[in-house]
1. Within the accessible area of the range 102-150, what % is carbon and sulfur when the probe is 1.4 Å and the other protein chains stay in place?
2. Of the heavy-atom accessible surface of the range 1-100 (probe 1.4 angstrom), what whole percent is carbon and sulfur?
3. Might you report the magnitude of the Cβ-based charge dipole of the chain about its Cα centre, with Lys and Arg at +1 and Asp and Glu at -1, to the nearest 20 debye?
4. Projecting each Cα onto the charge dipole of the chain (Lys/Arg +1, Asp/Glu -1 at the beta carbon, about the Cα centre), which of Gly22, Gly102, Gly127 comes out farthest on the positive side?
5. Whole number please: convex hull volume per residue of the Cα set in the chain, in Å³?
6. Which value, in Å² and to the nearest 10, is the accessible area of Asp72 when all protein chains are kept and the probe is 1.4 Å?
7. Could you check the simple spin-label distance between Leu37 and Ala139, using points 7 Å along Cα→Cβ, in nm with one decimal?
8. Find the accessible area per residue for the chain; the probe is 1.4 Å, ligands and nucleic acids are left out, and the unit is Å².
Amino acid sequence: MPHEQQDNAPHPEIPLSGILYGDIIYWGTIVSAIITLVGQVVSFVTQANHIPPSVMLSRIWEGQKVQAIWEDTVGTQPAGQHWYFDVLHTGDGLTQLGIAVGVFIVIPAILVSALVMFTKEKRPFFGTLATIAALITLASFLGILELPVG
């Protein structure tokens, strides 16, 4: 039977670095999604919001720029990339934290993968590329590299 032949076909071996990277991204994304979901529920079910969701959504659909939305609703755009730490008790603070966790998780995933490439897999070229990618991502996350926010 053709189906049985496909099951017996040799499968390529997945490198340990790829398995670890995938597992870290997988579980980090699940944690991120749960935090973001809790933040969205808090936003829509309670009044604990930094910006009311109906106002934010209507301004976004109107095509307003990020800075204009902040200035019209709160008075000023928050300073720093991680403004949400000051408002974690709000729905939008939790939502932003969940998004940040989802973005951040790539940094430890890449670094663990690079470490395995350097040590166990003996692939220094790919380990170096992974380390460079992690450093660029970390610099963006810390605000060293400016993000194009409109």
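The values are calculated or read from the model by the stated rules, or taken from the named source; none is laboratory data. Everything numeric in this text was worked out from a predicted model, so none of it was measured. Positions of Cβ are generated from backbone atoms using ideal geometry, with glycine treated the same way; all protein chains shown enter the neighbour counts. Heavy atoms of the whole protein, side chains included, go into the accessibility calculation; ligands, DNA and RNA do not. Shrake-Rupley method; radii C 1.70, N 1.55, O 1.52, S 1.80 Å.
1. Carbon-and-sulfur percentage of accessible area, whole number: 79.
2. Of the solvent-accessible surface of the range 1-100, carbon and sulfur hold 64 percent.
3. 280
4. Gly127
5. Enclosed volume per residue, from the Cα hull, is 178 Å³.
6. 100
7. 3.7
8. 67
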